[in-house]
Structures are given as structure tokens and as C-alpha cells.
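Taken together, the values in this text are just the output of simple stated rules run on the coordinates, not laboratory data. All values derive from a computational prediction rather than experimental measurement. Using ideal geometry, Cβ is built from the backbone for each residue, glycine included, and neighbour counts are taken over all protein chains shown.
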Amino acid sequence: MTKKTQRIRIALASLLFLGVLSATGCTREPVPNQGAAGWTLQNDQRARLSDYKGKVVVLDFYATWCEPCREETPHLVQLQRQFQPQGLQVIGLNVGGAEDHAEIPAFAGEFGIEYPLGLPDDEIVEKYLGDNENIPQAFVFDRDGRLVKRFIGYNGSIGQELERVVQESLAQIE
């Protein structure tokens, strides 16, 4: 194999790999520093994961412009409606950049989102997205606040696995 053929193969493999990544996720925008590790809800209240002890929490990092995020959102809305009585709390954290913040109310209305939406602090973004900035990313935490599973990107099989993990976590005795 010539060096030119080898370079072409490497370039094609790289493009294929990048295409697979872009099909399942977007890259987040930087989030401005907002203080202690947690997030600010739309009503300007502060929240942390520890505020939801006793609940199974799906912490979802998204952007309104991210197509995989938009595909994931109806499933999160359905999960919240279906499993809230058993103790599920979905929380959406926007990492779409400062210009995306104004789009959040329209996004919530478009999808009928009834779960809390907020803007995460830098510390929480670094903690959960520091090693991989692709979005959406959903983190499932058990009733004691322990991480159960991380989901990167979204498609039908990820949605099924997310629901399975949520159901298993809800079934665990406190």
C-alpha cells in the first residue's frame, strides 16, 4: 500500500468516524460561570442534585438547536409524565450557549415540557461533560444521588435503554 493510499484510507476512516459522532450528538457551547456547583432554574432559584434525594433523577444536558436533543425531548417528557408518580424527576440543563437561553421558553412550549429546565454552573458542566462535550447527554441517578448510567447521544435504542434503567432504578428499595 502506498503512502498516498494509506493517507486516503485514514482520511476516509476519520470522516466516517466523525459522521457517526455527528449522527448521534452535537457539541455543546461553553457555559458562563454562574457560581457554586448546581444550576439556576427558570424562576431564578438555585438547585443541586442533592435537592432531589429520594427521587430517581435524569439530568439531561441539551441545546434547543441540537437535532438529537430535539429527538430525545419527547421521550423525556413521556418518561416524566409516566414515572413521576413513582419518584422520577427529569431535569433539563441547557448548554447551548448564551444565545440559546432566550430559546428555552419556546422549546419548552413546543415539546410540552413540564419538568424543570435550568442553566448549569461551569463546575457541573465540567464534572459531567468534561471528558466528552457531545450532547445530548443524560445521567441517571438513583434515589441516593449515585450515578447509575450515562447516555451520550440519542437514538431509539438509547431511548429504550434509558427507560429500562429508569424503571430499574425506580424499583430499587430506598
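What the table shows:
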| read-out | value |
| --- | --- |
| Spread of Cα-to-Cα distances over 5 Å intervals beginning at zero, given as percent, for region 64-123 | 4, 17, 29, 26, 14, 8, 2, 0 |
| Ratio of the Cα radius of gyration of region 132-171 to 2.2 N^0.38 Å, where N counts its residues | 1.16 |
| Relative contact order [Cα under 8 Å, 6+ residues apart], region 33-153, whole percent | 39 |
| Region 25-171 - Rg (one decimal) and Dmax (whole number), Cα, Å | 13.8, 40 |
| Mean-position separation - Cα centroids, region 56-74 and region 138-174, in angstrom | 14 |
| Whole-Hz couplings from phi, Karplus 6.51/-1.76/1.60, listed for region 125-136; x for Gly and Pro | 5, 4, 4, 9, 10, x, 9, 7, 8, 5, 10, x |
| 15 Å Cα-Cα reach of residue 53 towards aspartates and glutamates, excluding residues that sit fewer than 8 places from it in its own chain | 142, 144, 174 |
| Distance histogram for region 98-174 (every C-alpha pair counted, 5 angstrom bins, percent rounded to whole numbers) | 3, 11, 18, 21, 24, 17, 5, 1, 0 |
| Mean Cβ neighbour count within 10 Å, used as a protection proxy, ranking 58-70, 104-116 highest first | 58-70, 104-116 |
